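K.L.:
First, the structure itself, so that you have it in front of you.
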Amino acid sequence: FGGVEVEAGARADLVAFARAAVLCNDAALHPGERGWHVEGDPMEGALLVLAAKAGLDVAMLPRQYPRTDEIPFDAAHRFMATLHHSHADGAFIVVKGAPERVVQMCDAPGALDMAAQDLASRGLRVLALAMKPAAPGQRDLTFDDMKAGFEFLGLAGFIDPPRAEAIRAVASCREAGIRVVMITGDHALTAREIARQLGISDTPRVVEGEALAQMDDAAMQAMVRDVDVFARAAPLHKLRLVEALQANGNIVAMTGDGVNDAPALKRADVGVAMGGKGVEAAREAAQVVLADDNFATIVAAVREGRTVYDNIMKVIAWSIPTNLAEGLVITVAILLGLELPITPLQILWVNTVTAVALGVTLAFEPGEPAAMQRAPRRAGAPMLSGVMLWRLVFAAGLFVAAVFAMFSWVSGRGMPIETARTLVVNALVVMEVFYLFSVRRQGGSGAATAALLVGVLVTALTQAILTHAPFMQGVFDTRGLSAVEWLMVLCAGVAVWAVTEVERMLRDVLSGCAHRSG
């Protein structure tokens with residue numbers, strides 16, 4: 001009491017409080033190899049530990065005062081009540097629940113409500129306990145029994161500080177443009193302090209369930225835009241809040257673990273159920289089940305999802321222009337009546353080698369460093385934006401122009417057609433390699449991955465075989481190249497990379513100017 005250790009037996013009020021906490025309780029304490037563990041609700045388990053520390057036999061008390069009826073806890077009435085009989089035929093009712101609800105049943109001064117608010121404002125979850133005598137022959141417990149006449153026993157404050165990984169996860173969400181909203185059955189002051197500790201907001205705005213019940217759908221839709229915490233929320237409120245957020249155009253992910261959460265989990269765009277403490281109904285209603293019940297896992301999944309999306313866009317940005325260019329080279333030459341700078345069989349070879357050795361490597365790209373520092377993609381936004389379409393057309397045109405320029409240049413110097421085509425097919429592959437690095441650069445990727453290096457090495461080896469192996473020369477009509485000619489091939493790749501980088505920088509400059517002028 002007041003930070004001073006006391007003997008439990010010397011405080012009758014403490015013993016009465018601890019006894020009530022054991023009786024109005026559905027948890028159990030079990031010994032194990034690594035110490036005691038709780039079966040059931042952690043807060044109820046903490047009350048059992050309190051009673052054990054007060055010297056009570058938590059296993060014997062329920063047998064001394066058997067429970068004959070109960071009113072289970074429900075968010076609608078915010079309390080649990082139990083009816084007990086002693087062997088001497090005495091009977092009494094114990095109630096445990098939200099302080100403001102329990103105090104209404106007691107002849108208690110308003111100071112008790114102030115004490116509960118003081119504990120809640122420090123971020124503690126607060127429960128109140130009270131009891132009253134019952135008629136010896138009473139065997140049923142009704143809500144009429146809960147209206148008045150209780151003796152207030154005390155308040156219990158439970159500290160459950162946010163875990164460090166949860167705080168970091170909320171910070172990552174805010175940085176990524178993901179808004180985190182808390183819906184809880186806790187007291188408004190407790191919820192506000194926990195939200196502040198989590199970093200949901202520096203000054204969280206809280207709305208309680210009673211206020212939500214008075215709002216129509218339009219008022220709720222307007223209110224959810226800037227409210228961070230919903231306290232003393234009932235299950236129906238969760239469903240309405242999800243619908244209100246969706247009505248504002250938000251993509252909503254909802255977490256839950258109870259039967260009452262199932263409708264909101266099913267209605268959310270992404271329902272996330274707890275796999276550990278969640279009930280089967282919640283898991284069946286959800287689209288995602290967290291095996292570790294850790295909010296940080298959701299953030300990790302978002303990061304992984306953004307990585308997958310980024311890699312898909314890299315594959316599109318690389319494969320479409322390179323494949324388009326390969327087809328256009330043949331098409332343009334035929335339409336203009338020009339000599340083919342590369343044969344169809346050589347095109348097939350290029351497409352096969354680059355798709356396998358280079359394209360697949362993009363699937364192993366790590367997440368971008370800034371993946372969680374950008375706003376979410378707008379719902380319904382097309383995958384191919386105007387900038388992306390321009391990039392695809394520009395790159396394809398650059399490849400076609402480079403192929404015809406090189407073929408014309410080497411042919412004009414009297415080089416045999418077979419050698420000229422060999423130069424072109426190798427230059428095309430090298431240009432695709434350099435363009436692959438340019439595509440990675442667009443996303444801000446760092447050092448080349450092992451998969452990419454292996455892909456480039458495999459591509460180089462296969463091109464060397466295509467060029468210099470006699471059996472490949474017979475099939476693909478290629479010829480060996482000198483060191484100078486290989487240098488020309490490398491320069492073609494460097495030139496393509498340089499042009500794409502200049503185009504990117506000019507586009508960034510123009511975009512910045514447009515943004516400032518806007």
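K.L.:
Taking a 21 Å limit on the Cα-Cα distance, which of the listed pairs Lys238/Lys277; Lys96/Lys147; Lys238/Lys266 fall beyond it?
P.N.:
As for pairs spanning more than 21 Å Cα to Cα, there are none.
K.L.:
Something else about it: Using alpha-carbon positions, what is the distance between the centroids of segment 460-501 and segment 372-440, in Å?
P.N.:
Cα centroid of segment 460-501 versus Cα centroid of segment 372-440: 16 Å apart.
K.L.:
For Gly278, which sequence-distant residues (separation of 5 or more, or a different chain) have an amide H within less than 5 Å of its own amide H, given hydrogens modelled in the peptide plane?
P.N.:
Here nothing satisfies the definition.
K.L.:
In addition: Step through the residues of segment 299-309 one at a time and calculate ³J(HN,Hα) from phi using the Karplus curve (6.51 cos²θ - 1.76 cosθ + 1.60, θ = phi - 60°), rounding each to whole Hz and writing x for Gly and Pro.
P.N.:
Rounded to whole hertz, the list is 5, 4, 5, 5, 4, 5, x, 5, 5, 4, 5.
K.L.:
Let me ask something else about it. Taking 0.36 nm per residue of separation and subtracting the Cα-Cα distance, what length does fully extending Ala300 through Asp69 add?
P.N.:
Separation in residues times 0.36 nm, less the Cα-Cα distance, equals 78.6 nm.
K.L.:
Here's another thing I want to ask about it. Counting heavy atoms of the protein chains only and a 1.4 Å probe, report the per residue accessible area for segment 116-195 as a whole number of Å².
P.N.:
49 Å²
K.L.:
Evaluate the relative contact order of the chain (contact order divided by residue number), counting alpha-carbon pairs under 8 angstrom at least 6 apart; express in whole percent.
P.N.:
8 percent
K.L.:
Shifting gears a bit: Hey, any idea what % of the chain's accessible area is carbon plus sulfur with a 1.4 Å probe?
P.N.:
62 percent
K.L.:
Quickly work out the Ala76-to-Val454 label distance, labels modelled 7 Å from Cα along the C-beta direction, and quote it in nm with one decimal.
P.N.:
My value for the distance between the label points is 6.0 nm.
K.L.:
Grab the alpha carbons of segment 159-262, take their convex hull, and tell me the volume per residue in Å³.
P.N.:
Dividing the Cα hull volume of segment 159-262 by its residue count gives 103 Å³.
K.L.:
Kirkwood Rh, Cα Rg: Rg to Rh for the chain?
P.N.:
With Rg and the Kirkwood Rh in hand, the quotient comes to 1.22.
K.L.:
Follow-up. Sort out for me the Cα centre separation of segment 237-314 from segment 110-159, rounded to whole Å.
P.N.:
Each part reduced to its Cα centre gives a spacing of 35 Å.
K.L.:
Amide H neighbours of Asp160 under 5 Å, at least 5 residues apart or on other chains, H built in the peptide plane: list them.
P.N.:
Arg125
K.L.:
Moving to a separate point now. Kindly sort Asp69, Asp89 by accessible area of their heavy atoms, largest first, with the probe set to 1.4 Å.
P.N.:
Asp89, Asp69
K.L.:
Counting other Cβ atoms within 10 Å of each Cβ, which GluC sites (Glu not before Pro) in segment 1-106 have at most 14 and sit in a DSSP loop?
P.N.:
Taking segment 1-106 and a limit of 14 other Cβ atoms within 10 Å, the loop GluC sites (Glu not before Pro) found are Glu5, Glu7, Glu33.
K.L.:
Could you run the Karplus curve 6.51 cos²θ - 1.76 cosθ + 1.60 with θ = phi - 60° over segment 394-400 and give me ³J(HN,Hα) per residue in whole Hz, x for Gly and Pro?
P.N.:
Coupling constants for segment 394-400: 4, 5, 4, x, 5, 4, 4 Hz.
K.L.:
Helix 450-468 sits at what angle to the longest principal axis of the chain, using alpha carbons and giving 0 to 90 degrees rounded to 10?
P.N.:
For helix 450-468, the angle is close to 20 degrees.
K.L.:
Determine, for each peptide in 453-465, 214-226, the mean count of other beta carbons within 10 angstrom over its residues, then list the peptides with the highest first.
P.N.:
453-465, 214-226
K.L.:
Take the alpha carbon atoms of segment 163-192, find their center, do the same for segment 16-74, and report the distance between the two centers in whole angstrom.
P.N.:
31 Å
K.L.:
Assuming R0 = 25 Å, what is the FRET efficiency of Ala355 and Leu335, from their Cβ-Cβ distance, to the nearest 0.05?
P.N.:
0.45
K.L.:
Still on this structure, please answer the following. Using a Cα-Cα cut-off of under 12 Å, which aspartates and glutamates could be cross-linked to Lys132, ignoring same-chain neighbours fewer than 8 residues away?
P.N.:
Within reach: Asp107, Asp145, Glu151.
K.L.:
In deg cm²/dmol, rounded to 500, what helix-only [θ] at 222 nm does the chain give when every DSSP H run of at least 4 residues adds -39500 (n - 2.57) and the total is split over its residues?
P.N.:
-17000 deg cm²/dmol
K.L.:
Still on this structure, I have one more. Could you sort 257-265, 275-283 so that the peptide with the highest average Cβ count within 10 Å comes first and the rest follow in order?
P.N.:
By packing density, highest mean first, the sequence is 257-265, 275-283.
K.L.:
Continuing with the same structure: Tabulate in residue order the Karplus-calculated ³J(HN,Hα) for segment 252-258, using 6.51 cos²θ - 1.76 cosθ + 1.60 with θ = phi - 60°, rounded to whole Hz; enter x for Gly and Pro.
P.N.:
10, 10, 10, 9, x, 9, x
K.L.:
Okay, moving on. What nm distance separates the two modelled labels at Leu348 and Ala469, each placed 7 Å from Cα along Cα→Cβ?
P.N.:
Result for the modelled spin labels: 1.7 nm.
K.L.:
Under a crude label model (7 Å from the Cα following the beta-carbon direction), how far is Ala363 from Phe158 in nanometres?
P.N.:
With each label point 7 Å from Cα toward Cβ, the separation is 4.7 nm.
K.L.:
Here's a follow-up. Taking amide H atoms as placed 1.01 Å from N in the peptide plane, list the residues 5 or more away in sequence, or in a different chain, whose amide H sits under 5 Å from that of Val289.
P.N.:
Ala273
The values are calculated or read from the model by the stated rules, or taken from the named source; none is laboratory data. On a predicted model such as this, the values are computed, not experimentally measured, just so you know. All Cβ positions, even for glycine, are placed from backbone atoms using ideal geometry, and neighbour counts span all protein chains on display. Please note that ligands, DNA and RNA were not included when accessible areas were found on the heavy atoms of the full protein model with its side chains. Shrake-Rupley method; radii C 1.70, N 1.55, O 1.52, S 1.80 Å.
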